[in-house]
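The values are calculated or read from the model by the stated rules, or taken from the named source; none is laboratory data. This one's a predicted model, so the numbers in the text were calculated from it and none came from an experiment. Every residue, glycine as well, gets a Cβ built from its backbone with ideal geometry; the counts of neighbours run over all protein chains shown.
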Amino acid sequence: MTTMREAPALPDSRTDRLHTGENDPAVILMQRYAEVDEEYQVQLSVLAGLRQGLGDDTGDIADGGSKATDLDTEEILTERLRQRRESLSAAMERAARGTYGRCDGCRLPIATERLLAAPAALLCVPCQVKAERAHL
Ligand SMILES: [Zn+2]
């Protein structure tokens with residue numbers, strides 16, 4: 001008797017085909033997006049809290065200075081999360097259009113192992129290496 005259950009499935013009939021989950025980049029992609037989105041929402045409230053703290057600054061310059069540094073750090077973190085969230089969301093749009101997992105450079109399918117490690121990857125490894133060299 002098997003009572004084994006997968007993680008709570010999305011209420012979407014399409015996920016029936018993706019039963020294996022673990023090794024499906026599209027599934028990993030959705031999970032990763034959910035994680036990053038949650039982190040991003042938390043980060044936004046941290047940032048909002050810090051900004052509020054700065055608002056009731058009554059002229060203590062030294063204290064205000066360290067708060068401003070914290071705010072800078074949190075703003076950088078927020079921006080990084082926002083970018084990750086955006087690239088994952090763009091990858092999900094490609095999945096919806098059926099072009100997910102295709103390299104933007106050579107149009108060949110990106111290796112599954114690469115997508116599992118980097119679900120938002122736009123380029124296959126050879127194209128990525130080329131792009132990075134061109135950048136130097
Ligand atoms: Zn390529």
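Data for the structure
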read-out	value
Residue check, residue 122 at pLDDT below 95, under 19 Å from the mean Cα position of the chain (by Cα) and not in a helix (DSSP H, G or I)	yes
Positions within region 91-113 being within 15 Å of the ligand (Cβ to nearest atom), small (Gly, Ala, Ser) and under 17 Å from the mean Cα position of the chain (by Cα), in sequence order	101
Single residue of region 126-136 satisfying the filter (of a type in the set (A, V, I, L, M) and within 14 Å of the ligand (Cβ to nearest atom)) that is surrounded by the fewest Cβ atoms within 10 Å (Cβ to Cβ)	134
Residue in region 51-70 that is under 19 Å from the mean Cα position of the chain (by Cα), more than 16 Å from the ligand (Cβ to nearest atom), surrounded by fewer than 14 Cβ atoms within 10 Å (Cβ to Cβ) and not basic (Lys, Arg) present	no
Members of region 38-68 found to be modelled with pLDDT of 95 or more and in contact with a Lys or Arg (Cβ under 6 Å, 6 or more places away or on another chain), listed by number	40
Region 114-125, residues that are crowded, with 17+ Cβ neighbours inside 10 Å and more than 16 Å from the ligand (Cβ to nearest atom)	119
